[in-house]
Structures are given as structure tokens and as C-alpha cells.
1. Under a cut-off of 20 Å between alpha-carbon atoms, report the lysines in cross-link reach of K229, not counting same-chain residues fewer than 8 places apart.
2. Working out 0.36 nm times the residue gap between F74 and A273, then minus their Cα-Cα distance, what length gain in nm do you get to one decimal?
3. Once the Cβ-Cβ distance between K52 and V168 is put in as r, and R0 is 41 Å, what FRET efficiency do you end up with, to the nearest 0.05?
4. Taking the simple approach of a point 7 Å from Cα along Cα-to-Cβ for both A589 and A328, what is their distance in nm?
5. When every alpha-carbon pair in the chain is counted, what percent end up more than 35 Å apart?
6. For the range 631-695, take the convex hull of the Cα atoms, compute a quarter of its surface area, and give me that in nm², please.
7. Please give me the summed charge of the neighbours of V339: other residues whose Cβ is under 14 Å from its Cβ, Lys and Arg +1, Asp and Glu -1.
8. Output the peptides 552-565, 67-80, 128-141, 84-97 sorted from most to least packed, where packing is the average of other Cβ atoms within 10 Å over each peptide's residues.
Amino acid sequence: MNRNKKEFRLDYGGKEVILETGRLAKQADGAVLVSCEGTQVLVTVCSAKEIKDGQDFFPLMVDYREKYFAAGKFLGGYIKRENRPGTAETLNARLIDRPLRPLFPEGYMAETVVQATVYSYSRNADPEVLAGLGAAAALAISDIPFGGPLGTCKVGMIDGKFKLNPEVDEWENSDLELVVSASPDAILMVEGEANEVSEKTLLEALDFAHNHIREFCKLVDQMVKECGKTKREFISAEPNTKLMDTTRSQFSQAARDCLNIVDKLARQDAVAALTKKLAVAIEQSPADFGLTEGEDFKKEAFKAVDGLLYEMMRKDIVAEGKRIGGRALDQVRPIDTEVDLLNNVHGSSLFTRGETQVMAAVTIGGEEGDQVADRLHGADRQKFYLHYTFPPFSVGEARGYRGVGRRELGHGNLAERALKKVLPKDDLHYTIRVNCEVLESNGSSSMGSVCSGSMALQDAGINLKAPVAGVAMGLVKEGDKFAILTDILGDEDHLGDMDFKVAGTTEGITAIQMDIKIAGLSREIMENALTKANAGRMHILGEMSKTISVARDRVKDYAPQIQVLKIKPEDIGALIGPGGKNIKGIQEAYKVTINIEEDGTVKILGSNAEQMQDCVKLVDLQMNGPTVGSIYEAEVVSIKEYGSFVDIAPGVSGLVHVSEFSDERVNDPADYVAAGDKFKVKVLEYDKMGRLKLSFKAVESLKPKAK
């Protein structure tokens, strides 16, 4: 018995969630084991007691890991030990991270690590949700300065009704998949996908989530009262008011000139020049700026310029409705679009909005392109996936590309979610990969990826339910006043309070993501942002439709074509043949790739339409047999005294009885045919044994061979 152990229980959407502390990982600053119907996740939090010298940002690291022993499984592949986190683990770590950041006190820069590990797994409870709940609770009861409580949940919509934290098997029938984090008073983070739901439905889903989260927050408050630690002392560094006052008095006009520059790189150059000028002024007279010799004047100058631009831009927006470069609050930057720009690619497009530019390329193929990933609930097999690349040159940086980071995974996942909802459901026989290459970036390249990806898919001949576009919304909030910005720039994201991305069709929303830098958003702000996002999305869809509005009527000549037919599941073995002999022979003869699914769906992929059609006929003949009354080309393979056996196709043979050779009497079949001869035959019938009865004379009466 552990006397320090404490348990707290909550009915969370019809399932009991148990939060336990005091028994495990007691040396961590905070530790909570979250359990629900067999799933158990341990979440620990630790924060350094001292800040590193020169630290000027908050180093928060959130890690989410799934241990395969939790489900009694071995990890697939050659390496049997969990190593680097997979894509799904990384994406969930981001979902935990994003609502936590704005709740740490301003100026807190101690290295902080949140570690969530799945130690037991049941399909009845979602470990990702439990990890988010555990992170909120562990921080709340720790001595780490933190402005909780908060909670998290997932929301589905099944048969028109919202459901909290559906089980893994229920998501397939859900029209909505939302992850929501919130404090008792406001929404902190939203991410998800939907089957073209309305803004009204989305707001109702958020209200549904928020009501449940409030109940969890009450439980966390109870935990803090009963076993929470006293928060460690934290005193944020006093702002250097003299630095800002002097900078305002001497450099406000120069800062104003910077904000009036529309071009991003030119504006960055002007800001860099202003920063250097301020650093020189500080170096010449540090005391005038409240500084002393030995301090990093360049860093202080950067902070002062950034602070001055922050003040001026926000005042311009809230008080005057004026944005960088003079753009209206709801104005979308100029859009240029084109498709079919890459010569030998199955589908391609270029989407340019202001100084954000994304090129998309689509690759289509068979099941050899499927993306397979191990998860605790089983292997995930994706027939559609999107890869997003953000190279340094897209923002003018002179450094090499070192592989995909967490941010790129998150942006690509959002674009993938937006597009997969409009793929054809019943006839998506291809495996599809979309590559979104960011060539320029100044605001929401992820939404640019949605737009370019949608057009490239249509260029590839994929019959989307509807085109999809996305737009990023921003927020500047000062006291009770706020302004919503449509199609935000990078600087407006950096200096603003919200990055709210909404993607969808003309009919509704297919994906959403919201990050904030303040303590939460009211329903009024959410509703306002969604309304303006809808208007922005309609404008962008209209611009895209000028280039392409429906899918091409066929795939391109250099793309693989596909033919689909059905056979009986019990005939799959016959099509494959002993050791795969039959299917290998067909693929080699017709230069095609054949994929067979368990339900008997046969997909034939190739580049030559005529060969593919012949291949389809062959498979149909082998599996379903020739049609009575039809005429086929046949080759004589053997001769008997009672007739000859012929092959209509490999594996499809029948007998032409001597009476079916000619209209005249035939005494010796060898007088009429020889092995290797080819004739047309007509299918007369199948006998009681299922054997084919064929006829030469029903097509053309044979004549004896000349001797």
C-alpha cells in the first residue's frame, strides 16, 4: 500500500477517467497516471530551477511516446525497440504543446519538459486524449509556474449527434473529428477535420467540448487543493522602460517607414538596418537607454525594435483598421494560379497568394505506394497522403535543408486532412501522394498547400467531390477591443494573438487549426473569425476556378491507368496460381501491375490502354469463363480422334467435337486442323461438369487441308 497515492475520478463522456498521483515518478516536479478502461498514460513534468545565461525564449519540449508492450505487440520491421517518435506521436505531442504555451507566465524561460508515455493500451480509450489530460493535471499540481487549469478532448459527430472521445472503431462513421483544449473560460486550441460541416455545427461542437472540459477543470482544481505543491517563486525580469521610451522618441518614424513597406524582404532589410542603427546609438550612449557597458547591445536593440513594431502594428490595426502596406482587414492578397507546369508529373499546380507560393505535385499508382505505419491499435494503411516541404530558400535563408521537422509534419497533416475529405469514396482505386513544395513563404504556406494540392489533384484527373481552399485568420486584441485579420502575413502572425486556419469547400469546412498566444478566445471572437474565414475562402475558390474547376476527364498519358473488376474471393488463389505463376505471367505478358484485395477487387495498372483492356479480358475469361454464344480466337493444342482441344486463353480450354468442325462429315480431325493453328470458335454451352463445348462451324465451316 502506498500512503502517498491519491486518486481522482471523473465521468468523462460516459467513461470513468482516473487521475492518480503520489505513487509513480515521485522525483519529477509533477507526475500523473491517467487511466480509462484499460488504457494508462503516465505524464511527467520537469522544469529547470535556473535559466541558462543569455536565454531569450521559452524552451518547452513536449514528448508523446507509445510503448508497443502496452498493447502486447512487437514493433514491426527489423528494429524491435522504440526509437525516434513516429509521425503520429509527433503530431500528438504538438497538440499537447500548443495549448500549454500561452499559460506559462510571460518571461518564464526555464527549460521545461513534458513527457507522456503510453504504458497500457485498450481500444476502448484514446491514449492521446489521456496524455493531454495528464499534462494539464501534472503541471497544475507541480510547483512550476503555470496558469491552468485546462483540459482537452476529442469530439466526433455520429449520426448527427456529438460524441465525446469516440473509440478508435467509431471514427470511420464520424462526420467530424475535433481536438479541443480549453480553460474554464475560453478555447485555447482547436484542430480537426470534417465532412464539409457548417460554421454553425462547428461552433456547436466547440460548445459541446467546452462544457465537458469545464468539468475536468473542476477536478484539476480539486487535485490542486488536495495535493498541489506550492508554486516556486518566479519574478519576471522588470522591463527596461527607459530602453523603450528612448527608442520610441528617437526611432518611431523609422519604424513607421518600415511598416509602410509592402515587400517582405525589403521590409526585413529595413528592419535589420534600423536594428543596427539603434545598436550603434546604444553603444554610443548606453545610459540613455537604461543599459550598462558589457551588455549585449545588438540583442537589446533587436528586442527594442521588435517591441516598437509590435506596439505600432497593433495600434494601427485596432484603432485605425490599418494593416502592413495599407491592406484592408478582410482583404486577401492577389492570387495567381496555374496547372500542368511540370512536364512528366501525373498532376501539378502552382498557387501564389501575395508572397506565399506553393507548388504541388501528384503521384498516382497502385498499392505499392501505400503508406503503412505501426500504431498501438494496428497497422495504419493510407492510400492518400500529403508531404509538405519548407526549404530555407523559401524565406531567403542561406542554409541547407536538414530534413522534416515537427512544424512541417504539422502543416502537412493539416493540408492532408483538408483534402482527404473530398476524395472520391467508392472509386478511389489509386494510391495518391501529394507533394507540396513551399517556394516562397510570407503567411500560411499550409493553406497555400491546400489550394495547390486541390488543383494538382484535379489536374491529375482525380474527381474530387469539390475543390478545397484554405485561409489563415489573425487576431489583435487590446483590452475589450479586437480586430480579425484575413489572410495574415508572417509579421502579423508574429506580432498578433492568433493563427486560425480554416479550409473547406463552398459547402462547408473540411479542416481547421487554431493556435493562440493569449489566455483564450471567447465564442464571439470564434464566431466572428469563422464568418470572415468563410468569405475569404469563397474568394480564393473563385480565383482557383479561373484556372481549373473540375477534374480532367482522364489521367495523363504518362500516368498509370487503372482498370477494376471483381472476382469471387474464393477465386483469388486461382488467379494468383501456384507460387504466383499465373499472375506473374499475366503481368509480364501485358506489362501491367495487378493488385488483388481480399474482397475480390482486382486492380490492373498499366500505361498502354490496349494492353490493359486485353489483360482485363483475359482475367475475366480465366475467372468467369467465356460467355455462351460469344466468339473467341482459339489455338489448337491437341488433336484426338473425337475432336480437338483448344485454348481460348491461358488456363481457359475447351473441346471442339469432331461434329462441330465442318458442315460436311469429318472422319479424321487431323485432316482439318494441326497443333498451333488458330481459328475462331463459338461457345455453345457448358456441360454438366462445367466443361466448355465449342464450335468451329458455328463461325465458319472448316475445309480439309490440302495434301
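1. K5, K6, K26, K49, K218
2. On the way: separation 199, 0.36 × 199 = 71.64 nm, distance 5.70 nm.
Residue separation times 0.36 nm, minus the Cα-Cα distance, leaves 65.9 nm.
3. Values: r = 41 Å, r/R0 = 1.01.
With a Förster radius of 41 Å, E is 0.50.
4. Using points 7 Å along Cα→Cβ, the separation is 6.7 nm.
5. Details: 140592 of 249571 pairs.
When every Cα pair of the chain is considered, 56 percent fall beyond 35 Å.
6. Numbers: hull surface 16.9 nm².
Mean projected area for the range 631-695: 4.2 nm², to one decimal.
7. Details: positive: K546, R552, K556; negative: D336, E338, D340, D459, E543.
Every neighbour counted, the sum reads -2.
8. Numbers: 552-565: 15.3, 67-80: 12.5, 128-141: 28.4, 84-97: 18.9.
The most tightly packed comes first, giving 128-141, 84-97, 552-565, 67-80.
Every read-out reported here was derived from the displayed coordinates using simple, explicitly stated rules and does not represent laboratory data. The structure presented is a predicted model; accordingly, all values stated were derived computationally and were not measured. Neighbour counts run over all protein chains shown; Cβ positions are idealised from the backbone, glycine included.
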